[in-house]
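The values are calculated or read from the model by the stated rules, or taken from the named source; none is laboratory data. What you see is a predicted model; the values in this text were computed from it and never measured. Cβ atoms come from the backbone with ideal geometry, glycine included; neighbour counts cover every protein chain shown.
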Amino acid sequence: MNQTVDIQPVEKVRQRATDTSAQALDAMGLRRMAGQRRKIFDIVVAAQRRGVQDMSLREIQGRYESLEDRRIDVGTVSARVNNLVAAGWLHRRSDIRPCRVTGHGVHPVYVLPQQERLCP
């Protein structure tokens, strides 16, 4: 019994992955991503104003889902948080604490007090 295997060059596989990522980005839309970023930032600010020092991705996810009454994948939350950290809107703690949802060790995010005061 002879079997053949279709081996594709690495470049072709990478190109398909890049195409898929671009298609996903186009499908989501920049306005929707910006809206998610703003909502996540507002969630962290509101939590800090209520006395919460910082939030994990799962904590943000839970609050987002309860406010928006729809599901958001933790990978999407992670991507938006990474965008906010890169832009300097959120900061990641260097120390680890247990997540209030999962109990796993996390590096939670927070908003600097001076940024929090600038938010309406």
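Brief remarks follow.
- Against the conditions (1) more than 12 Å from the chain's Cα centre (by Cα); (2) surrounded by 14 or more Cβ atoms within 10 Å (Cβ to Cβ); (3) at pLDDT below 95, residue 8 satisfies every one except (2).
- Taking the criterion of being in contact with a His (Cβ under 8 Å, 6 or more places away or on another chain), in contact (Cβ under 8 Å) with a residue 12 or more places away in the chain and farther than 15 Å from residue 37 by Cα, the residues of segment 58-107 that qualify are 92, 93, 94, 95.
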